[in-house]
Amino acid sequence: MKAVKITVDVPAKYVGAHEDRIFLSVGQKLTGTVVLDGPGRPKACEVRWVDAHGRLLGRTPGKLDAYQRVIRYEFDLNQSFFPVHYIECSLDGQVQPMREKFFVAPTTDGWETIPAITWATYPFGDFYDKLQALGVNGIIAYGMAPFDHVVENAMRFYVDQATFWEISVYHRPFRLFWEPPTDYTGPVSPQSPGFGHNWKALHERYVRVRARCKKEGRMISRDDHYRKVFLRAYCPNDPGTRRDAGERFAAVVRQHKGFRPVFHNIADEAGITDQSKPFDFCYCHYCMDKFRLKLQKVYGSIGELNQQWGTDFKTWYDVYPLTTDETMDANMPAQKKSAPLNFAPWADHREFMDDTFSDFFAEMRRVGQSVDPIGYFSTGGCQWPDVFGGWDYCKLTRSVDALIPYNGGGNQELIRSVGGPVKNLSPFFGDDERQVRQMWFSIIHGDAGIVFWDADGDGGRFVVRPSGKIAKRGKTFGPAMREFRGGVGQQMQAWGRADDPIGMLYSQPSERAHWMLESMSERGEKDWFRSHDGVHTGNRLAWQQLIEDRQLQYRYVSYLDVDEGKGDLGRFKMLVLPESFALSARLVAAIKQFVLDGGTLVADGRVGRMTENCRQVESGLLDDLFGVVSAEKLELRTGGKLTAKRQAWLPATKDIATLNALDAGLRIAEGSGAEAAAGAGQTPAMIRRRVGKGWAVYLNVHVSPYEMSRHDVQKP
C-alpha cells in the first residue's frame, strides 16, 4: 500500500485573478486527505505538518475512510512565521515520496527579527542555508518578477522597485524620452538603459537652450517655447501618471501581500530628476496650476505675490517661477550693491517640488494600504538632505513607513529625530571590517534592520559561487549579525532612548538659502549643476560631532513641526541654530518664547537674515533677541581671526585664533546689555545676552573646522 496523492482543503477564492495566491490563515482549521492505492489498510499512519525549514509543527494519525480509500487529517493552524508549508506522511513506517505544498499567511511582519537583507537575489535554492547561518534572513523580490525562490527557502523579503518609472528618472531608458548625450556610444534601442546617461542628456539639452535664450535676450521662464525644456515626462502631478503608478503599485502589493513582505519599496534611488541633481523643475500645466493654487493660499493676492517676489504679474495665469540661472542673474547685481537679496521666486518652487516628491509617496502609500492595510511602504536609496530632488526629510518621513537612506549629511540622526514611527534601515557596502562598528552604531541608534548591497562582486558577496565557500564579507559580518539578531540586539530593540535636552534646528528654507549663496559665490568657477554637500551641511555635521564628542545626545527639531505648532521646544534646555538663515514668523516667535521661558539659545551666525521664502530682510529676525545689529550685506565671506577679550564672561584658550568671524559687519546694539568674549578687530564674537529667564548666545563663528580638528592628536 502507498500514498499516491495528498490534498489540502482551501477556502473558495476568486477565479482568474493573476495575483491570487491560495492562503490559509492562523486560527483556521487545516484539513485534507491522503489518497491511498492498493487493498487493505495501513497498520500505522502519521500525517505531518512541517514548515519550509523542515521544522515539525504538528502530527496526527488521521482517520481512515476505508471505503473512499483516503486518510483524513486535521490540524489547528496555530503558528506561521514563513508562508510555505508542507503536508507529508508515512505508512507503516515508510516515508511516502510525495508531499503537498500550501501557503499560510505569516503571523508577523518580520520586523521583530531585526531583518538583515541582502539586495542580490541568489538563484533558486542556492546557498540559502549558508546565508541564514551567517545571520542573513532576507533578500528582495523585484516588482512583478517571479519570487518563488524567495519564499521556498523561507526567507523574509522586501519588494523592490514596485513603481519607479514616475519618480526615478535615473532608472528609465533615456531613449524613450530624449536624445542621448553626445558621449553616448551604446545601442540606440528604445530599451537601452539610461542610468548615468539620463542626467547628461538633460544637462546638455538645458545648456543648449540656455545659450540660445541668452543670445536672443530671452528668459526660459518667460518664454512659452523655451519653457518646454522643463516639461517633465511622467510628471507626478499629472493625474494620469498617478493613476498608472497607482494601478501598477496595487498589482504588486496584491501579488505579495499574503507573504507578508517586510515592506514594499515604492521606488529605489528616487528623485524628481536624477536623485538629487539640481534640475528638478517642471513647467507642465499640471504643475503650474497646482503651484499657483498654493501661491494663492500663501499670498492671498497677486499684488502681495508681486511685492514678495519683486515681479509684475498681471494675473495668476502669468505666474512662472524663475530658474536657478535666472535667480542668480537677478541677485548677483544686488549683492554687489549690497541690496537685499530675493530668492523667493525660486525658493517657493523648490518647496513645491519637495511637496510633489513627498506627496507622490504619500499617495502610493494610500494605494498600498487600500490593498494591504497592515503593510509597510517605503522608499530606498535615499540621498542626503538636499535642496533638490525632494530630500526634505521633515516632509518625506510623513509619507512613508520605512526608509533605506545612504547615510550622510546627518540623515540618520535626522530621520531618528523627526521620523516618529518610521523604520530606518542602513545600507552597507563592501567587506571592510570597520563597517562592523558602524553596523552596531546603527542598531544602537535605533535602526530597525540593515540592507547589504550584494552584487556578487569582489567585496560584495557573502557566499562564493559555485564553490559555496564563505567569502570575506560573510566572515566579517557573520559573527556580528548572529549576535545582534540573537539576544543582545533583541534587547536593544526594547530600549527606550534617553536624549539629553539639546535640540538642533533643521531648516529646509535655510538649506535653500545657503545653497544659492554658495552657488552664486562659485558661479563662473564651478558648474552650479553639481550636487554638492556644501558648507552648510559640513557646519551642521560639525555641530553633531561637537555634541556627540562630549558624550551628549541631541534631537533635531523639525522646522515644519514648529511652524505647524506641533514642535514643543519646552522639552529642551538648549536649542542650537546651525546657520539658520531663513526662518518663518511662527518659528521666530517660538524661539523667542523658548528663551524667555528659561532656555539657552545658541546660534553660530547669520541667523534669521531671510524670511522662510528666502527673501532678505532689513535686519536679522532674531537681532533684537541677541542684542546685535547684522551687517547690511549678506554674504558668505568670513571676517578676521578671533582674539579673546580680557576678563570676558567666557574664558578662551589660544585655539580661539583658529576661528574666523562670520559676519564682519556685525555690531552689538547700543543699550542691549549684550557682552562679547572675543572679537576680530571691531567685530564682536562669542556674544551672550540675558533675556527673561534664559540666555541668547550668538557665536558669530563657523564651527565647521571642528570636523577636522577633532582628529588632531594633541602632544603632551
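The values are calculated or read from the model by the stated rules, or taken from the named source; none is laboratory data. Remember, it's a predicted structure, so these values are computed and weren't measured experimentally. Counting neighbours? That spans all protein chains shown, and the Cβs are built from the backbone with ideal geometry, glycine included. Note: areas computed on protein heavy atoms with side chains; ligands, DNA, RNA excluded. Shrake-Rupley method; radii C 1.70, N 1.55, O 1.52, S 1.80 Å.
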*Roughly how compact is region 243-323, stated as its Cα Rg over 2.2 N^0.38 Å to two decimals?*
1.65
*Difference of contour (0.36 nm per residue) and Cα-Cα distance, ASP499 to ASP432*: 21.1 nm
*Run the numbers on region 342-426 and let me know its relative contact order in percent, using alpha-carbon pairs under 8 Å that are six or more apart.*
28 percent
_Give me the extension gain from GLN682 to ILE374: residue separation times 0.36 nm, minus the current Cα-Cα distance, reported in nm with one decimal._
104.6 nm
*asked:* Give the separation of the Cα centroids, region 440-462 to region 88-166, in Å.
replied: 19 Å
*asked:* Need one number: nm distance between label points at ASP312 and MET1, each 7 Å from Cα along Cα→Cβ, rounded to one decimal.
replied: 10.1 nm
*asked:* I'd like the distance separating the alpha-carbon centroids of region 640-656 and region 35-49, in whole Å.
replied: 92 Å
*How high is the relative contact order of region 272-338, in percent, with contacts defined as C-alpha pairs under 8 Å that are six or more residues apart?*
23 percent
*region 573-716 - convex hull of the alpha-carbon atoms, volume per residue in Å³*: 127 Å³
*Rounded to the nearest Å, what's the spacing between the alpha carbon centres of region 578-607 and region 296-325? Just the number, please.*
29 Å
*When the helices in the chain are scored as -39500 (n - 2.57) per DSSP H run of 4 or longer and the sum is shared across all residues, what 222 nm value do you end up with, to the nearest 500 deg cm²/dmol?*
-9000 deg cm²/dmol
*What's the carbon and sulfur percent of the chain's accessible surface, probe 1.4 angstrom, rounded to a whole number?*
52 percent
*Order the following by accessible area, largest value first: THR315, THR118. Probe radius 1.4 Å; ligands, DNA and RNA are ignored.*
THR315, THR118
*Considering only Cα-Cα distances, which of the following residue pairs are longer than 26 Å: LYS566/LYS633; LYS257/LYS566; LYS290/LYS526; LYS29/LYS257; LYS257/LYS294; LYS277/LYS475?*
LYS566/LYS633; LYS257/LYS566; LYS290/LYS526; LYS257/LYS294; LYS277/LYS475
_Report D for region 386-473 in µm² per second (integer): Stokes-Einstein, Kirkwood Rh on Cα pairs, 20 °C, 1.002 mPa s._
149 µm²/s
*Take the Cα of ARG710, step 7 Å along the line toward its Cβ, and report every residue of region 476-512 whose backbone nitrogen sits under 17 Å from that point.*
500, 502-505
*Ignoring ligands, DNA and RNA, what accessible area per residue does the chain give at 1.4 Å, in Å²?*
44 Å²
*Quick one: compute the contact order of the chain, relative version, from alpha carbon pairs under 8 angstrom and 6+ residues apart, as a percent.*
9 percent
*Relative to a virtual label point 7 Å from the Cα of HIS225 in the Cα→beta-carbon direction, which members of region 251-293 show backbone nitrogen distances below 20 Å?*
283-285
*Backbone N within region 585-620 under 13 Å of label point (7 Å from LYS693 Cα along the Cβ vector)*: 593-600
*Selection of trypsin sites (Lys or Arg not before Pro), region 622-679, meeting DSSP coil and at most 13 other Cβ within 10 Å*: ARG637, ARG646
*Between TYR142 and LEU64, how many nm apart are label points set 7 Å from Cα along the C-beta direction?*
5.2 nm
*Just grab the label-to-label distance for GLU635 and ALA44, each label 7 Å out from Cα along the Cβ direction, in nm (one decimal).*
9.4 nm
*asked:* Output needed: percent of Cα pairs per 10 Å distance bin for region 272-375, bins running from 0 to the one holding the longest distance.
replied: 13, 37, 29, 13, 6, 1
*Which value, in debye to the nearest 20, gives the size of the charge dipole of the chain about its Cα centre, when Lys and Arg are +1 and Asp and Glu are -1 at the Cβ?*
600 debye
